[in-house]
Amino acid sequence: MKLFALGFVFGAWLLQQQAALPTLYWFFLLIPSIYFAFKPSRVYYLKAFNLLVFAGLLGFFWAATLATIRLSDQLPTQWQQKSIRLVGVIATLPEVTERGERFQFDVEKVLNQASVSAGSNSTVSNFGRSSVSRLNVPSHITLNFYRENYSNNMQSASPNLASNFHAGERWQFTVRLKRPHTTYNPHGFDFEAWALSENVRATGNIHQKSGYKKLSSFVWRPSYIVEAAREKIGKRINQTLVNKPYAGIIRALVVGDDSQISQANWDVYLRTGTNHLMSISGLHITMLAGLAFALTAFFWRRMPSLVLFMPTRKAATFAGLAVAVLYALLAGMSVPTQRTLFMLVAFALALLFGRNLAISRALAIALIVVVLIDPWAVIAPGFWLSFSAVAMIAYVTVGRRQAQHWLSEAIKTQWAITIGLLPILIVIFGQTSIISPIANALAIPVISLIVVPLSIIGSLLPADFILITAHWVLETSMLGLNWLASLPMAIWQQAAPTIWTSILAMLGVLWLLLPRGFPQRWLGLILLLPLFFAQPNKLHDGELQASVLDVGQGLSVVIKTANHTLLYDAGSRYSAQSDAGSRIVIPYLHGEGIQKLDGFIVSHNDADHSGGATSVLAQMPVSWLLTTFDAADISPENVKKPTFKPIKCFAGQHWQWDKVDFEVLHPSWQSYQDSTISDNNRSCVVKVTSQFGRILLTGDIEKQAESALLQANRYVPSGDALEGNGMLKSDVLIAPHHGSKTSSTLDFIEAVDAKQVIFTVGYLNRFKHPKPLIEKRFEESGAVNYRSDYHGALVIDFTNNKPIQIKSWRQTQPKYWHDDYQYSKINKQ
C-alpha cells in the first residue's frame, strides 16, 4: 500500500510538470506494467520496482485523463470579453471586497446563440436559426460585481457591507468573460494552475447596465446548503465582532474564508511560522475530533442503556468523526483538511471493524484518495507540508520502544516537524521561520484548544460573549506573536536551492531524526548544510541582468550587476490586501537570494507603477529611493523610521556599480516648477549601460517628454535621419506607456534604435495596450517585439562574449494548462 501510494503520487506529480498532455497511444504502456506488477517473483526488490512503475504510470495517466476532461470545458477564445447572458447558481459564499463582491458561479444555461464561424466577431444578439449553434461556456466560473460608486483609494472593505448576492441563489447575468490567465514569473504564483485545480475555467465581470435579476431564492443542492450555512455563520461572526482587529482570523478559523485577514497580519504569521494555525487546518480538525471523542465517551459510559446499545468507544468514534466531517465541510475541504479527514475516516473504520491500522497505512490511504479526487493537489504547497508533517511525526514516534513523558514527547514532535519541514519550506518559499518552534509552542495550545472551540461554539449558539471571549484570547496571543515577529532574526531567507542540495537535505533530515543510539547521527547535519548555501549564477564586473517581471498592466524591472540590485517600479495595487509588490516582486527577490535593494526607483505616482512600492519598502531593506513625487505617499505605515534615503529624480544623476553605468535622462530639475506637466511626462527615465549592452527604462512618458528627451540630447532632423550624441541609443527598450498611442513617436523610436522592445501589459487590458499602430512602428524599425502578457517575465542577459539573450518565462517553463498564444503581431525569438 505505501509503495503503491508513493508511486501513484509521483506519477500524478510528473504529469503536472509536462508542457503538453500525452496522447492516447501512451496509455498502452499500462498493459505491460500491469503484467510485471502482479507477476509472481521471488526477488522482493524487483517486485517492488515493478509495483512502483505500475503505480507511477497509473497516477500519471489518471491525472492526464482528468486534465483532458477538465481542459475540454473552456471558453472559446473569440468569445472573450463579449457580452454573454447566463443563468446559473452562486456556488460559494460571496467574498466582499473594497470594490464589490466576488463569487464562483455554476452555469446552468447560456441564453446567447453564437455564430458557427469560429472566427466570428459578431456581437451576441438574435442570429438566424440556420446559422447558429449553442455557445459553450464553462460550467464553473468566477464572477466579479463592482459597485457603481466604489472608492478608488482601495481602503479595506467593510465585512458588514450589504451583499447583493447569496450562496445558492439562481440569477440571470450579462457577463464578460476571459480565459484564466496568470502573471507568470520565476518563484511566483501560477493562477492558471490554481484555476484548473479549482475547476474555474473562466473569470469575468457582471455587466450591470445590461441588467441582472434573481430567478430563485435558493436552489436545493447539498453543496449549496453547505455554502449557505458557511455564509450565515460568517455573517454572524462579522456582526458580533464588528470593528474588531482579528475578526477576519476568527472567520477564517470557523468557515475557512481568509480573505479578510490583512496583509500585515499575514506577514506576522509567516515570520513566526504560525500561518498554518490561522485557517482551518488538519491540526484543528484533529483537536476538535479528539475533544468530541472524549466528551462523548465521558457521558456515554455513565449511561448503561447507551452502553448496551453501542460500546462507548464506537459511539465516541462516530461522534468524533461526525464533528470532523462537519468542520471539514465548513472549511471548504482544503488539501490539509482532506488529508486529516481521510486519515480519521480510515482510523475510524479500522476501529469500528476491530482492525489495527498503522499510521503509515492510514497516511497512504489518505494520499491515494486525495490524489484520486484532485490530482492537482500535488502542486499545492499545502499538500507537501501537510503530509510531510504527519509523516515526520510518525517517523519519530511510531515503533519507538521507550515511552516518554508527554512534555518530552511534545518537544520531540515539534522538533521533528520543524527540522523535517525545513527543506520543503526552503524549496517552496525560499524562507523559514527561525522562531517557529517557540511561536508554535505558545500558539498551538491557545489557538487549537481555546480559540477554535470557543469560536465554533460562539458561532453556532446565540451567545455573543463566547465569540467575544475567543477574540479576546486571540488578541492577547497576538501580542506575543507580534513581538516575536519584530525580532530582527525571526526569519531565514535565501535563494531557491538546487535539486541535488534539496535531495541531500531530505536524506540528512531522515538521518538526523533516527532513534537515539543510532551511530553517527550528526552526519545528517553535514547533508543538510549545502541547502543553505544555494547561490544563483554569479555575474562578473561589467555584466548585467534585467528581469522585466510580468505584473499585469504595470511595470517592474529588477536590474542586477555583480554585487548590486536596483528595482525600477513595483507594479500595481490590486486590492487593499494585495499588490504586485507582495505577490510578485518580493517572492522574486527572495527566490533570487536578494536580501537588500541598493536602489529603488519609482518612476512616477501612477498606481500601476507605484502600487506595490509600499509592500516592497515594508519587506525589503532599501538603501535609497528615487522618485518624482513625495516619498511619504508610499512609505509604509508600520515602519516608524524608514531605512531608505528619499531622493528627487532629475536628469544628470549618474552612478556606477560593478563597471555598469546608470544615468537619469529625464525629467529636468526645472520641470518640477511647471505644474502643467503630467505625472506621466515627469516619469523618471533611466539608461543602464553595461560593457555588453544597454537598456532604456522609460516609465509612462508620452510625446511631450519624448520631445524633451530628443531636445536635451541634441537630436534634430537632418534630411532623412536624426543626428545627435547617441545618448538615447539602446539595445533594449521598455516601451513607453505600455505601447500607448500617445507615446513612441517615430523620431523617438529612430533615436533609440532598439533591437528588442518590451511591452509590459495586462492580458486583455481595458486600454487595449499595446496599440497595433505602435507595434507596427517598432516592427518596421527592425525591432523584435515582446509582450509580458504573452511571454510572461522576460529575463535579459548582457554577458561576456554572448549576444543579448531574452528568455521568456512562458517559453522556458511551459505547462500544459497554459494557453499557447499565437503571436500574430509580435515576433517570437
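The values are calculated or read from the model by the stated rules, or taken from the named source; none is laboratory data. Because the structure is predicted, anything quoted here is derived from the model rather than measured. Cβ: placed from backbone, ideal geometry, glycine included. Neighbour counts: every protein chain shown. Surface areas here come from the heavy atoms of the whole protein model, side chains and all, with no ligands, DNA or RNA. Shrake-Rupley method; radii C 1.70, N 1.55, O 1.52, S 1.80 Å.
Residues of region 526-569 that are small (Gly, Ala, Ser) and over 25 Å from the mean Cα position of the chain (by Cα): Gly542, Ala562. Annotation note: of Ile806, Ile758, the sole residue that is modelled with pLDDT under 95 and assigned to a strand (DSSP E or B) is Ile806. In region 250-269, the residues that are farther than 16 Å from Ser575 by Cβ reach residues that are among the hydroxyl-bearing types (Ser, Thr, Tyr) with C-beta atoms within less than 6 angstrom, at least six apart or across chains, in these pairs: Ile250/Ser455; Ala252/Ser279; Leu253/Ser455; Val254/Ser455; Val254/Ser459. Of note, Pro453 does not satisfy the criterion of being of a type outside the set (Asp, Glu), farther than 26 Å from Tyr246 by Cβ and touching a residue at least 40 places away in the same chain (Cβ under 8 Å).
Does Phe105 satisfy being part of a strand (DSSP E or B), at negative phi and out of contact with any Asp or Glu (no Cβ under 9 Å at 6 or more places or on another chain)? Here the answer is yes, as Phe105 does meet what is asked. Scan region 590-604 for residues that are surrounded by fewer than 24 Cβ atoms within 10 Å (Cβ to Cβ), more than 21 Å from Val427 (Cβ to Cβ) and either in contact (Cβ under 8 Å) with a residue 60 or more places away in the chain or of a type in the set (Gly, Ala, Ser) (or both) and jot them down. If the condition is that a residue be surrounded by fewer than 24 Cβ atoms within 10 Å (Cβ to Cβ), more than 21 Å from Val427 (Cβ to Cβ) and either in contact (Cβ under 8 Å) with a residue 60 or more places away in the chain or of a type in the set (Gly, Ala, Ser) (or both), then Gly599, His604 are the ones that fit.
Every condition in (1) crowded, with 17+ Cβ neighbours inside 10 Å; (2) closer than 24 Å to Lys815 by Cβ is met by Ser72 except one, and the failing one is (1). Among residues of region 475-497 being touching a Leu at 6+ places or on another chain (Cβ under 9 Å) and in a loop (DSSP other than H, G, I, E, B), the one that is surrounded by the most Cβ atoms within 10 Å (Cβ to Cβ) is Pro497. Here the strands (runs of 3 or more DSSP E) wholly within region 532-589 that include at least 3 residues being open to solvent by 10 Å² or more (accessible area, probe 1.4 Å) are 573-575. Only a single item in (1) open to solvent by less than 20 Å² (accessible area, probe 1.4 Å); (2) closer than 25 Å to Asn185 by Cβ is not met by Ala618, and it is number (1). Taking Ile456, is it modelled with pLDDT under 90, touching a Leu at 6+ places or on another chain (Cβ under 7 Å) and surrounded by 20 or more Cβ atoms within 10 Å (Cβ to Cβ)? No, not satisfied. When we screen Ala37, Ala12, Ala67, Ala48 for residues that are closer than 27 Å to Ala346 by Cα and within 32 Å of the chain's Cα centre (by Cα), the only hit is Ala12.
Against the conditions (1) farther than 23 Å from Thr182 by Cβ; (2) of a type in the set (D, E, K, R); (3) buried (at least 20 other Cβ atoms within 10 Å of the Cβ), Asp789 satisfies every one except (1). Take the conditions (1) surrounded by 17 or more Cβ atoms within 10 Å (Cβ to Cβ); (2) outside any loop (DSSP other than H, G, I, E, B); Lys244 misses just one of them, which is (2).
The residues of region 78-105 that are touching a His at 6+ places or on another chain (Cβ under 9 Å) and surrounded by fewer than 18 Cβ atoms within 10 Å (Cβ to Cβ) amount to a single one, Ser83.
For region 211-225, filtering for residues that are in a helix (DSSP H, G or I), more than 26 Å from the chain's Cα centre (by Cα) and surrounded by 13 or more Cβ atoms within 10 Å (Cβ to Cβ) leaves 2. For beta carbons closer than 8 Å, sequence separation of 6+ or different chains, a first residue in region 463-474 that is in contact (Cβ under 8 Å) with a residue 60 or more places away in the chain and within 13 Å of Pro245 (Cα to Cα) and a second that is of a type in the set (S, T, N, Q) and part of a helix (DSSP H, G or I), the qualifying pairs are Ile468/Thr240; Ala470/Ser455.
Inspection of region 355-373 finds a residue satisfying the criterion of being open to solvent by 20 Å² or more (accessible area, probe 1.4 Å) and under 25 Å from Glu95 (Cβ atoms). For region 654-670, the candidate set comprises residues that are open to solvent by less than 30 Å² (accessible area, probe 1.4 Å) and part of a loop (DSSP other than H, G, I, E, B); within that set, the residue that is farthest from His604 (Cα to Cα) is Asp658.
Of everything listed in (1) closer than 30 Å to His818 by Cβ; (2) open to solvent by less than 100 Å² (accessible area, probe 1.4 Å), the single unmet condition for Ser41 is (1).
Condition check ((1) modelled with pLDDT of 85 or more; (2) under 29 Å from Ile249 (Cβ atoms); (3) among the hydrophobic types (A, V, I, L, M, F, W, C); (4) open to solvent by 50 Å² or more (accessible area, probe 1.4 Å)) across all residues:
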{"site": "Leu283", "(1), (2), (3), (4)": "no, yes, yes, yes"}
{"site": "Met287", "(1), (2), (3), (4)": "no, yes, yes, yes"}
{"site": "Gly290", "(1), (2), (3), (4)": "no, yes, no, no"}
{"site": "Ala297", "(1), (2), (3), (4)": "yes, no, yes, no"}
{"site": "Pro304", "(1), (2), (3), (4)": "yes, no, no, yes"}
{"site": "Met310", "(1), (2), (3), (4)": "yes, no, yes, no"}
{"site": "Ala315", "(1), (2), (3), (4)": "yes, no, yes, no"}
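Scanning region 734-770 for residues that are within 30 Å of the chain's Cα centre (by Cα) and farther than 19 Å from Ile695 by Cα yields a count of 10.
Does Asp658 satisfy being in contact (Cβ under 8 Å) with a residue 60 or more places away in the chain and touching a Pro at 6+ places or on another chain (Cβ under 8 Å)? The answer is no for Asp658. Residue check: is Ser683 small (Gly, Ala, Ser), within 23 Å of Phe650 (Cβ to Cβ) and either at pLDDT 95 or above or under 38 Å from the mean Cα position of the chain (by Cα) (or both)? In short, yes. Can you find a residue in region 507-522 that is open to solvent by 10 Å² or more (accessible area, probe 1.4 Å), touching a residue at least 60 places away in the same chain (Cβ under 8 Å) and farther than 28 Å from Leu422 by Cα? Checked against the condition, which is being open to solvent by 10 Å² or more (accessible area, probe 1.4 Å), touching a residue at least 60 places away in the same chain (Cβ under 8 Å) and farther than 28 Å from Leu422 by Cα, region 507-522 yields no hits at all.
Residues of region 18-45 that are within 24 Å of Leu367 (Cβ to Cβ) and free of Cβ contacts under 8 Å to residues at least 24 places away in the same chain: Ile34, Phe36, Ala37, Phe38, Tyr44, Tyr45.
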